[in-house]
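The values are calculated or read from the model by the stated rules, or taken from the named source; none is laboratory data. From a predicted model like this one, the values you see are computed outputs, not experimental measurements. Positions of Cβ are backbone-derived with ideal geometry, glycine not excepted, and every protein chain shown enters the neighbour counts.
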Amino acid sequence: MAAYDYEDAPGTYDETSATQRQASSGAPPSQDLGYDPNFVPDSVKSFVVHLYRHIREKNVYEIHQMYETSFQTLSDRLFKDTPWPSVDAVAHYVDNDHVFCLLYREMWFRHLYARLSPTLKQRIDSWDNYCSLFQVVLHGVVNMQLPNQWLWDMVDEFVYQFQSFCQYRAKMKNKTEQEIALLRQFDQAWNVYGVLNFLQALVEKSMIIQILEHEKEGLEQFTATDGYDYNGGSNVLKVLGYFSMVGLLRVHCLLGDYHTGLKCLQPIDITQQGVYTTVIGSHITTIYHYGFANLMLRRYVEAIREFNKILLYIYKTKQYHQKSPQYEQILKKNEQMYALLAISLSLCPQVKLVEETVNSQLREKYGEKMIRMQRYDDEAFAIYDELFSYACPKFITPSPPSFEEPLVNYNQDAYRLQLKLFLYEVKQQQLLSGIRTFLKVYSSISLAKLASYMEVDESKLRTILLTYKHKTHAVDTDGKIISNADVDFYIDDDLIYVVESKPAKRYGDYFLRQIVKLEGVINDMDRVKLD
Amino acid sequence: MGREVPQQQQQQVALAVEQLLAVNPYNPDMLSDLENYVNEQVSSQTYNLDANLCLLRIYQFEPDRMSTQIVARILVKALMAMPSPDFGLCLFLIPERVQMEEQFKTLTVLSHYLETGRFSQFWDEASKNRHIVEAVPGFEQAIQAYAIHVLSLTYQRVPRSVLAEAINIEGLSLDKFLEHHVANNGWILEKGHGRGQLIVLPRNEFNHPELKKSTDDGIPLEHVARIFPILG
């Protein structure tokens, strides 16, 4: 394995979650030192009272402000390394409202995960809270309008805590007897079936797939209103259902089930803007996992296209997120996706699919490594290994541990398997780079001649050419063959003919844009009044 | 009549499993139904990747319930689905220690030969492991279909000897095989220069790149629609 240590990957996105997770430098802050869960500072009292009122009044704008800004500010000021006051301490300020208390606890745990390290008991309690919260939503008793950002964070955090739990549980070596007893006792907490079934239930109960279908026929509005309901209804179930499709994609990727993951995302048309693009975290998570799954399915062109689009988008908009609690994660995922783009382009050198800005960023970051990756020697494999390990999702083993002695750690098993299979794929393609080099300089060449140039016999060369064709022609979801080939060729008996692929000039598109531009200029000129 | 009944039953099994999957794709109680369905797919020469992935998922969640015999069958069926990447998709879900078992190592080697176009090595290896591959009816034909698929992506005219090696058929049987494809699939036989025959494979956009539809030239209506207000 490469020098890159997966285990100690510095703050990968998945170790952190939607809210900012500060790497605790030095000793982990103690949770109980000087922390009184029943003490409620005035500012917190005012926070919950106002948030509760805005929620009752369905004032999405104010809720969003308080959620995004006030909660962060208070956390930074008062709860840097302690939890927020317990829910019991604030409940009577909010009429002991059941749903509000569940929402409060959800944020309470999210803050705890972000700034401290949760104990096993807290992990289990947080699971219980999600169960209660989702049950309430699924039974349709929720009549609120919550910001998309918050609803996304719920799904995102739910999947993150599941992943975190699996990683935690898989490190059996240093578990105390007490922890093992708890793990045995609460074996349903963060159970993989439970997690998947909650997400699936949200998708189904929300009828989101049907809603998106209806919208295509103009019978319903969802995307057009960013998922909000302006007719007095609640957006909570619908939007949670919508984001749960992204959650399912992510969970399946964590499990190594790329085919099923992409299937879960299918109702969302990612070639268009949608509710998933209204929240930057959701946008990035969607495309990152979509691209990664396509990469693993050898649909390189699709992966390159989507990575290119989102990287360009991040490049253009990241300045607006500088103050966002998600800024660190955005940058981190940005870097990881450049690594995945470098891998994709090394396996499928179609640079013409990449926009100039993205390309120059890519060259700056990985230009030198990409040249070495083309060599397909041991050093090249080490770089593939390094980039994959840096950029892959944090794979999990979903099954509970064996409690038999001796206790073993198995937290890296899933990652090792995915890495191994990926590198196996790379090795199967190692001879293709040589073929490419030759095909690019000939319009036709005999098999015998090419074989002698490549120092292989003719039948070996035929197998390499077949491999090239097979590896560059992927099968899409409908079973259709799609070409990812950068160089096209065919063999006629024992002659190879290379077909130069000219980049198609997009005249139509160009003219359309010029027409719109001209119209704009004319309009501007019309507005100018000459005295 | 006697032959239709089992076929009906098979369809019922398939239908029942598909319904179960539709109702709840994450239900551990489906295990034995899904295992039966794998055997059903083997005997009726049908295939359902989604159902098989669902079963591998349950094995992944509850390793104690795994049947390696069923896993092996799923993998052979996945090989038969080439050029789809199904074999790899299944491996992603099978724990490494299981993959270390002899029969899975063999299957991985077989898959490797197919992935890298080394058909003669593939057929050699397959003949040494008849017990694994012959347990699944239609195996040979499925691999031959894959071989022909890759050859069709690559060749306009393929020498007879190259085809023979890829599909592992020779002599009179090959003549018959060719005859069949000439009659049904538009293959044409030609005399090659010197020794052998050449087989003209049907044209497609991959062996005749000029057939590739240049979608780039077209403009989707939505784009033109954007300038309608201006044009009006």
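Quick look at the values:
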{"item": "In the stretch A:78-118, the residues that are under 26 Å from the mean Cα position of the chain (by Cα) and in a loop (DSSP other than H, G, I, E, B)", "result": "A:L116, A:S117, A:P118"}
{"item": "Qualifying residues in the stretch A:39-77 (those that are among the hydrophobic types (A, V, I, L, M, F, W, C) and not in a helix (DSSP H, G or I)) - the one farthest from A:H321 (Cα to Cα)", "result": "A:F39"}
{"item": "Selection from the stretch A:250-277 of residues that are within 15 Å of A:L212 (Cβ to Cβ) and either touching a helix residue (DSSP H, G or I) at 6+ places or on another chain (Cβ under 7 Å) or away from chain B (no Cβ under 14 Å) (or both)", "result": "A:C264, A:L265, A:P267, A:I268, A:I270, A:G274, A:V275, A:Y276, A:T277"}
{"item": "Test set (1) at the interface with chain A (Cβ under 9 Å from one of its Cβ atoms); (2) closer than 25 Å to A:N191 by Cβ; (3) at pLDDT 95 or above; (4) assigned to a helix (DSSP H, G or I) - B:L55 fails condition number", "result": "(1)"}
{"item": "Residue within the stretch B:48-56 that is within 22 Å of A:G194 (Cβ to Cβ) and over 22 Å from the mean Cα position of the chain (by Cα) present", "result": "no"}
{"item": "Any hit, the stretch B:124-137, residues being touching a Ser or Thr at 6+ places or on another chain (Cβ under 9 Å), touching a residue at least 12 places away in the same chain (Cβ under 8 Å) and at the interface with chain A (Cβ under 8 Å from one of its Cβ atoms)", "result": "no"}
{"item": "Selection from the stretch B:14-41 of residues that are surrounded by 14 or more Cβ atoms within 10 Å (Cβ to Cβ), without any contact (Cβ under 8 Å) to a residue 24 or more places away in the chain and polar (S, T, N, Q)", "result": "B:N24, B:N27, B:N36"}
{"item": "Test: B:S120 is surrounded by fewer than 19 Cβ atoms within 10 Å (Cβ to Cβ), in contact (Cβ under 8 Å) with a residue 40 or more places away in the chain and in the same structural domain as B:M80 (by the TED database)", "result": "yes"}
{"item": "Selection count where residues are of a type in the set (S, T, N, Q) and at the interface with chain A (Cβ under 10 Å from one of its Cβ atoms), scope the stretch B:58-110", "result": "4"}
{"item": "Top-ranked residue of the stretch A:400-443 - restricted to ones that are among the hydroxyl-bearing types (S, T, Y) and more than 26 Å from B:L93 (Cβ to Cβ), ranked as nearest to the other protein chains (Cβ to nearest Cβ)", "result": "A:S443"}
{"item": "Out of A:V475, A:V498, A:V516, A:V487, sole residue that is over 19 Å from B:R157 (Cα atoms), within 12 Å of another protein chain (Cβ to nearest Cβ) and touching a residue at least 12 places away in the same chain (Cβ under 8 Å)", "result": "A:V487"}
{"item": "Residue match in the stretch A:65-73 (condition: in contact with a Pro (Cβ under 8 Å, 6 or more places away or on another chain) and under 30 Å from A:Q185 (Cα atoms))", "result": "no"}
{"item": "Subset tally (residues that are within 22 Å of A:H64 (Cβ to Cβ) and out of contact with any Gly (no Cβ under 7 Å at 6 or more places or on another chain)) for the stretch A:135-152", "result": "11"}
{"item": "Any chance A:M370 is touching a Phe, Trp or Tyr at 6+ places or on another chain (Cβ under 9 Å), in the same structural domain as A:Y276 (by the TED database) and in contact (Cβ under 8 Å) with a residue 24 or more places away in the chain", "result": "no"}
{"item": "The stretch A:445-466, residues that are of a type in the set (A, V, I, L, M, F, W, C) and surrounded by 15 or more Cβ atoms within 10 Å (Cβ to Cβ)", "result": "A:I445, A:L447, A:L450, A:A451, A:M454, A:V456, A:L461, A:I464, A:L465, A:L466"}
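Residue by residue, here is whether (1) modelled with pLDDT under 95; (2) of a type outside the set (G, A, S); (3) surrounded by fewer than 19 Cβ atoms within 10 Å (Cβ to Cβ) holds:
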residue: B:L110; (1), (2), (3): no, yes, no
residue: B:L114; (1), (2), (3): no, yes, no
residue: B:K128; (1), (2), (3): yes, yes, yes
residue: B:H131; (1), (2), (3): yes, yes, yes
residue: B:P137; (1), (2), (3): yes, yes, yes
residue: B:E140; (1), (2), (3): yes, yes, yes
residue: B:L153; (1), (2), (3): yes, yes, no
residue: B:P159; (1), (2), (3): yes, yes, no
residue: B:A164; (1), (2), (3): yes, no, no
